[in-house]
Amino acid sequence: MRMNDLIVKKRDGGALTGQEIRWMIDGYTKGDIPDYQMSAMAMAIYFAGMDMDETYQLTMAMLDSGERIDLSGIDGVKADKHSTGGVGDKTSMLLCPMVAACGVKMAKLSGRGLGHTGGTIDKLESFPGFSVEMTEEAFIRQVNQVGFAIAGQTADICPADKKLYALRDVTGTVPSLPLIVSSILCKKLAVGADVIVLDVKCGSGAFMQTEKAAFDLAGALVEVGRRAGKKVVAVVTDMDEPLGSTVGNAIEAHEALAVLRGEYRGELMDLCLALGTQILRESGVAPDDETARDMLEKAVSSGAALEKFAAFVKAQGGDNAAVYDKSLLPLAPVRRDVLADAGGYVKHIQAEDVGLVSMRLGGGRAAKGDTIDLGVGVALYKKVGDPVEAGQRLATVFARTDEAAEEAVGMLRACYEIVPEKVERAPYVKGVVK
Ligand code: URA
């Protein structure tokens, strides 16, 4: 086989066979196929697409490029959750303890943030001493004892995806449906949970900017997952504004704790209920959606989910006193409010740009390996649909220096679109594909 022939076949709209895809992924992982040929192939796939068979074959070839985690030592049904990426997304910090408190085990690998999107691991590292480095044995033990664990991604899982994703990132080929489906699912299949729930984001802050594109992605993820023998459910949710009321690291941990304490709900709770309902029902722990929602609500109101979270932080080496005393999760000292120039209603908050504000403050990475400041970030008091008066506070910036704060205030104000007419907020959860 020659890579050049495969590139030409795909460029001209042909379908690659399973054998061709496997040969290509093996060769690329080993370094026999150079980046320039794989870049051309990624671009050909971007334009010509792939059918469901090809997408499935690509997923399985990338899965087989590395090791799998053996979860058979975990008792009961194991669930996993993944989001296609958003701004202010602290869902895993809430969903895992809520679901674990209802009796379903969550075995989750997470990543660090890059660019405008934050990573769950960075947010969790706000708890002093918290670590995601653990052996597979320790991971399994913790899931059995505590109900859930969140570990860092290891290099041994899907090395083909690691290489290909880095290439896509610099060749304009990230937003390709078959490439996204195979990239997400190969990693989920390598972890091997029984039930996989995917949060597919839709809107200006997401890869998929339209509902059609998001539902197409959701449908393909569910179908490829089914072919791979897994129960996959995709929930399509809004990312037209940041999720919840905070963007940063420690500040997002504050918000997650406030929801777990039952002090506040917002769309964050809606999302956790939507995702958690699918997990409990598909795991067989709840007979229907209504029972599942009740169980999840009770896990929060009884304090059981908060206790699970505290046990999890402690099990991973963190100081869980910070779970009960938020002053132990310090925020940056320079605070500046963003005030509304005019009255009206919030029509839109540019999610990606809010993520960039947090990054500029030092809360995100421009390049892999950058050190980040866990205490900086933003709090958003007004969200889409809210009425605003001229001069009223829209948001607060938490910065290290006056200069950084001033710059962030200007950038954040520009993220808000305020219009005179009333704005109806669209439902946060747009649909479920299963
Ligand atoms: N997340 C991934 O892991 N891969 C993609 O291609 C897109 C989102």
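What number of residues within segment 337-372 satisfy the criterion of being within 20 Å of G205 (Cβ to Cβ) and charged (D, E, K, R)? Selection size over segment 337-372: 5. Going through (1) within 15 Å of the ligand (Cβ to nearest atom); (2) surrounded by fewer than 22 Cβ atoms within 10 Å (Cβ to Cβ); (3) not assigned by TED's automatic domain parsing to the domain that holds K188 one by one, G111 falls short only on (3). Would you check if there is a residue in segment 124-147 being among the hydroxyl-bearing types (S, T, Y), in contact with a strand residue (DSSP E or B) (Cβ under 8 Å, 6 or more places away or on another chain) and surrounded by 20 or more Cβ atoms within 10 Å (Cβ to Cβ)? Within segment 124-147 (the criterion being among the hydroxyl-bearing types (S, T, Y), in contact with a strand residue (DSSP E or B) (Cβ under 8 Å, 6 or more places away or on another chain) and surrounded by 20 or more Cβ atoms within 10 Å (Cβ to Cβ)), the answer is no, since none of the residues qualifies. I45: within 16 Å of the ligand (Cβ to nearest atom), of a type in the set (V, I, T) and at pLDDT 95 or above, yes or no? So I45 fits the description; yes.
Among strands (runs of 3 or more DSSP E) entirely within segment 325-431, having at least 2 residues that are open to solvent by less than 20 Å² (accessible area, probe 1.4 Å), hydrophobic (A, V, I, L, M, F, W, C) and closer than 28 Å to I121 by Cβ singles out 377-380, 393-399.
Enumerate the pairs (first residue in segment 32-46 and closer than 17 Å to E20 by Cα and without any contact (Cβ under 8 Å) to a residue 12 or more places away in the chain; second residue anywhere and open to solvent by 40 Å² or more (accessible area, probe 1.4 Å) and part of a helix (DSSP H, G or I)) with beta-carbon separation below 9 Å, excluding pairs fewer than 6 apart on the same chain, so at least 6 apart or on different chains. Matching pairs, first to second residue: D32/D26. Filtering segment 183-205 to residues that are in contact with a helix residue (DSSP H, G or I) (Cβ under 8 Å, 6 or more places away or on another chain), open to solvent by 10 Å² or more (accessible area, probe 1.4 Å) and among the small types (G, A, S) leaves only S204. Exactly one residue among I121, I74 is open to solvent by less than 10 Å² (accessible area, probe 1.4 Å), within 16 Å of the ligand (Cβ to nearest atom) and among the β-branched types (V, I, T), and that residue is I121.
The values are calculated or read from the model by the stated rules, or taken from the named source; none is laboratory data. All figures in this text were calculated on a predicted structure; none of them were measured in a lab. Neighbour counts are summed over all protein chains in view; Cβ atoms, including those assigned to glycine, are modelled from backbone coordinates with ideal geometry. Side chains are part of the model used for accessible areas, which takes the heavy atoms of the whole protein and leaves out ligands, DNA and RNA. Shrake-Rupley method; radii C 1.70, N 1.55, O 1.52, S 1.80 Å.
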